[in-house]
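Q: I am attaching a structure below and will ask some questions about it afterwards.
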Amino acid sequence: MNGISSADNVMAIRNAILQKNAALRDVAQTGNAGGAAGIGGADATKPGNFTQALQSALEQVNGLQAQAGEAATAFERGETTDIAAVMLSKQQASVGFEATLQVRNKLLSAYKDIMSMPV
C-alpha cells in the first residue's frame, strides 16, 4: 500500500503546482499587483520546500520503478505467482512516471515563457 500513497503524494504535488499556476495566471490577467502579495503572504511556504518536495517525489517515483522491476524479476524467476500484484506495481510506477513527466513538461514550458519575456 506504500506505493499507492507515493502515487498520491506525486499527484498532490502536481495539483498544488497546477493551483499555483492558475492563481498566477489570474493575477497576470487582472494586472492586480496587490493580489501577488496574497500568494507570497503569510500562507507562503518556506524557501526550498518546492525543491525538497520535487526531490522527494522523484525519489518516490524511482522507488516505485525499482519495486516494479523487483516484482517483475521475482515473477520471472518463479518466486511469486501473483501476476496481479506485479501488474499493479508496474501500473503504479507508470502513473508516477507519467505524472513526473507532465510536471517536468510544465516546468520547462514555464521556463521558456519566462525566458521569452521582454525585459
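Q: For Thr100, state whether it is within 24 Å of Ser5 (Cα to Cα), among the hydroxyl-bearing types (Ser, Thr, Tyr), at pLDDT below 95 and not in a helix (DSSP H, G or I).
A: Judged against the criteria, Thr100 is not a match.
Q: Another question, if that's okay. Looking only at helices (runs of 4 or more DSSP H) that fall completely inside the range 1-89, which ones have 1 or more residues that are at pLDDT below 75? It would help to see each step written out before you state the result.
A: On the way: elements: 2-30, 33-39, 49-77.
So the answer is 2-30, 33-39.
Q: What's the number of the condition Asp82 fails, among (1) farther than 23 Å from Ser5 by Cα; (2) free of Cβ contacts under 8 Å to residues at least 40 places away in the same chain?
A: In the conditions (1) farther than 23 Å from Ser5 by Cα; (2) free of Cβ contacts under 8 Å to residues at least 40 places away in the same chain, Asp82 misses (1) alone.
Q: What pairs can you find where one residue is in the range 92-108 and under 14 Å from Ile13 (Cα atoms), the other is hydroxyl-bearing (Ser, Thr, Tyr) and assigned to a helix (DSSP H, G or I), and their Cβ atoms are less than 7 Å apart, with a gap of 6+ or different chains?
A: These pairs meet every condition: Gly96/Ser6.
Q: Of all residues in the range 103-119, which are of a type in the set (Val, Ile, Thr), out of contact with any helix residue (DSSP H, G or I) (no Cβ under 8 Å at 6 or more places or on another chain) and in a helix (DSSP H, G or I)?
A: Ile114
The values are calculated or read from the model by the stated rules, or taken from the named source; none is laboratory data. Bear in mind the structure is a predicted one, so any value in this text is a computation, not a measurement. Note that each Cβ is placed from the backbone with ideal geometry, even for glycine, and that neighbours are counted across all protein chains shown.
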